[in-house]
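Taking it in order: structure first as structure tokens, then the write-up.
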Amino acid sequence: MMIRTPKSAPLFDHPIALMRRLVEVNDWRTHHQSRDEIAVELSGYWSDYYVNVKWQEEYAAIHISALLDIFVLEQQRGEMLELISRLNERIWLGHFNLTQDKNCLIFQHTTPLRGTSGAVLEQMLDLVEVTFVECEKYYPALFQLSTGAADATSASQSALMETQGCA
């Protein structure tokens, strides 16, 4: 996904204001917004991702999370946690998580900004790009396990396989 950026933006601004600019420029669908939070839908190759960006004033931090449309049955929980653990070892920023209450898969990341004058557009762009790329990269493995097409070992092997050359 190529994310367009606004032609001009203040050097430092409120993170949600910057995210609103990205939403407008990219014509993303907004589900909810307030001064400190915005929820948008990003369309990927494998799925649509429901991305929530929240500014937490008390921590001076931006939190981003993406809900994947994969439901995990209770009997798959152990295998899914094993797969997530293997995938998380390879992720540089952020991590996948399986919620306790509804067995929903999410990708999340928090960026602290204490001591700065606010966020910059590039930070917001990086947060969105990292979230989208990691969800797209690992969606097939997570989906395979949720549908019973693979176990944690085979799903992680296919997702983490290093490819060389081109076809």
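Throughout, read-outs are computed from the coordinates displayed, never taken from laboratory work. It should be emphasised that the depicted structure is a prediction, and the values quoted were computed from it without experimental measurement. Ideal geometry is used to build each Cβ from the backbone, glycine not excepted, and the neighbour counts take in all protein chains shown.
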For this session: Can you tell me how much longer the chain between Glu82 and Tyr59 gets when fully stretched, taken as 0.36 nm per residue apart minus their C-alpha distance, in nm with one decimal?
Result: 5.2 nm
Exercise. Looking at the range 71-101, which GluC sites (Glu not before Pro) are in a loop (DSSP not H, G, I, E or B) and have at most 13 other Cβ atoms within 10 Å?
Worked result: Glu89
Problem set entry | Relative contact order [Cα under 8 Å, 6+ residues apart], the chain, whole percent | 23 percent
Exercise. So which chymotrypsin sites (Phe, Trp or Tyr not before Pro) in the range 51-131 end up in coil per DSSP with only 11 or fewer other C-beta atoms within 10 Å?
Worked result: Trp92
Exercise. What is the order of Cys104, Cys135, fewest Cβ neighbours within 10 Å to most?
Worked result: Cys104, Cys135
Seminar exercise, completed: Placing +1 on each Lys and Arg Cβ and -1 on each Asp and Glu Cβ in the chain, then taking the dipole about the Cα centre, the residue among Asn103, Asn52, Thr147 whose Cα reaches farthest towards the positive end is Asn52
Seminar exercise, completed: Counting sequence-distant residues (5 or more places) and residues on other chains, those with an amide H built under 5 Å from that of Trp28 are none
Problem set entry | Efficiency of FRET between Ala149 and Glu122 - r from beta-carbon atoms, R0 35 angstrom, step 0.05 | 0.35
Problem set entry | Theoretical ellipticity at 222 nm over the chain - DSSP helices of four or more residues, -39500 (n - 2.57) apiece, nearest 500 | -12000 deg cm²/dmol
For this session: First measure r as the distance between the Cβ atoms of His14 and His95, then evaluate 1/(1 + (r/R0)^6) with R0 = 25 Å and state the FRET efficiency to the nearest 0.05.
Result: 0.45
